[in-house]
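Asks: The structure is given below, and queries will be raised subsequently.
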Amino acid sequence: MSVKSVSIRMEEEMLEKLGYVAEYEGRSLNSHVLVLIRQSIKTFEAEHGTIEGTIPPYDNVKPPRK
C-alpha cells in the first residue's frame with residue numbers, strides 16, 4: 001500500500017478547533033483527520049454496502065511504514 005498526501009484548505013479557526021479536539025483525544029492532527037475519514041467510510045459502508053478495495057476502515061490510524 002502506498003501512502004499519499006493531500007492538502008485541504010479551511011478556515012484558520014476551524015483548523016485550530018480541530019487541533020484542539022485532536023490534542024484532547026491524544027492524537028496528532030493528521031491521525032485525528034484519519035480517524036474522522038475512517039469513521040465516515042465506515043458509516044457510508046454500513047448504509048450503502050462495502051466499497052471495493054482491500055483496506056477496511058479499522059480504528060488503527062497509522063498506515064504501515066514503507
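Asks: When you scan the range 10-21, how many residues do you find that are open to solvent by less than 100 Å² (accessible area, probe 1.4 Å) and outside any helix (DSSP H, G or I)?
Replies: 1
Asks: Please go through the range 22-37 and pick out each residue that is open to solvent by 70 Å² or more (accessible area, probe 1.4 Å) and among the β-branched types (V, I, T).
Replies: I37
Asks: Among what's in the range 45-57 and is at pLDDT 65 or above and in a loop (DSSP other than H, G, I, E, B), pick the residue that is most open to solvent (accessible area, probe 1.4 Å). Spell out the reasoning first.
Replies: Keep residues of the range 45-57 that are at pLDDT 65 or above, which gives 45-56.
Retained after the next criterion (residues that are in a loop (DSSP other than H, G, I, E, B)): 49-56.
Numbers: G49: 31, T50: 120, I51: 83, E52: 184, G53: 62, T54: 133, I55: 104, P56: 49 Å².
The qualifying residue most open to solvent (accessible area, probe 1.4 Å) is E52.
Asks: What is the number of the single condition among (1) modelled with pLDDT of 90 or more; (2) within 17 Å of S5 (Cβ to Cβ) that K66 does not meet?
Replies: All conditions are met except number (1).
The values are calculated or read from the model by the stated rules, or taken from the named source; none is laboratory data. Small disclaimer: the values here were computed from a predicted structure and weren't measured. Every residue, glycine as well, gets a Cβ built from its backbone with ideal geometry; the counts of neighbours run over all protein chains shown. Surface accessibility is based on the protein's heavy atoms, side chains included, excluding ligands, DNA and RNA. Shrake-Rupley method; radii C 1.70, N 1.55, O 1.52, S 1.80 Å.
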